[in-house]
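Have a look at the structure below, then the notes.
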Amino acid sequence: MKKALALLLTLALCMGTASALAEGTLTIVSPNSDGLLSIIPTFEEATGIKVTVESLGSGDAMKRISTEAENPTFDLMYGGSLANYVANKDLFQEYVSPENANLMAEYQNTLGFCTTYTIDGSVLLINTDLIAELIEEIDATYWGPEERALIDQALALTQEIGDEPLEYRVRLRLTASGARTGDTDVMLSSFAWCLAKHDMDPVRFPTEIDSSMADLMWQFKWMIGALDASPLFSRAQW
């Protein structure tokens, strides 16, 4: 069964494999086709091989390669995350370019079926002013579904950026929301999270933040009432 070659590399590296391409054409699928356009003319001039590129997202490209495994359209795949290639390595032919040793060690083909061409990471930008605005909106919104939706949005943003002091501010409001709307499970779990953070570092996680409801000590009374009313907890467990 013929398989596509997975090459996360510049086409310059392919020049060493030109003699291995039987039909004088090279069909590439790529989620990063813009990066190819400037080097394709150089490759075609140096090898006489005509290059065609089809732009597809990584997931769609993998599906096409899998679906067409017995009669593949593509010779190469360019771009996409390394994790995608590793997860679908059975779709690709083993191949190491004879030019592999000329690459820097970080870019050499060590997996036997793909060659990296860039080392980068994903960057997540979060507008912390938006979180502050959401907190103000939470404080101005009456308890209920609309308020909870704002809290969930703010909480997700704080978790994405890993800002625990900011998450603490939001969770104090989540505790209050749970108490006022009768959502005991949310109230208890949120309070337990906040209390653990305060016990660990009272300076970063003070008892009172910026709202009368966002006061850890004040919230203790809700916990006592909730535990006293719950059949799941005996007073000996308090």
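The values are calculated or read from the model by the stated rules, or taken from the named source; none is laboratory data. The structure presented is a predicted model; accordingly, all values stated were derived computationally and were not measured. Here the Cβ is made from the backbone with ideal geometry for all residues, glycine too, and neighbour counts use every protein chain on show.
Some values worked out for this structure:
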read-out: Any helices (runs of 4 or more DSSP H) falling wholly within region 76-195 and containing at least 2 residues that are in contact with a helix residue (DSSP H, G or I) (Cβ under 7 Å, 6 or more places away or on another chain) and touching a residue at least 24 places away in the same chain (Cβ under 8 Å); value: 128-139, 145-161, 164-181
read-out: Some residue of region 201-208 being part of a helix (DSSP H, G or I), over 21 Å from Arg148 (Cβ atoms) and modelled with pLDDT of 90 or more; value: no
read-out: Test: residue in region 49-65 that is aliphatic (A, V, I, L, M), more than 29 Å from the chain's Cα centre (by Cα) and either part of a helix (DSSP H, G or I) or within 30 Å of Arg171 (Cβ to Cβ) (or both); value: no
read-out: Residue match in region 67-84 (condition: at pLDDT 90 or above, within 31 Å of the chain's Cα centre (by Cα) and farther than 14 Å from Leu26 by Cβ); value: yes
read-out: Residue that is farthest from the chain's Cα centre (by Cα) [pool: residues in region 33-47 that are assigned to a helix (DSSP H, G or I) and surrounded by 16 or more Cβ atoms within 10 Å (Cβ to Cβ)]; value: Thr47
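Residue-wise test of (1) small (Gly, Ala, Ser); (2) surrounded by 18 or more Cβ atoms within 10 Å (Cβ to Cβ); (3) modelled with pLDDT of 90 or more; (4) closer than 24 Å to Thr128 by Cα.
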| residue | (1), (2), (3), (4) |
| --- | --- |
| Asp139 | no, no, yes, yes |
| Leu166 | no, yes, yes, yes |
| Arg171 | no, yes, yes, yes |
| Ser212 | yes, no, no, yes |
| Ala229 | yes, no, no, no |
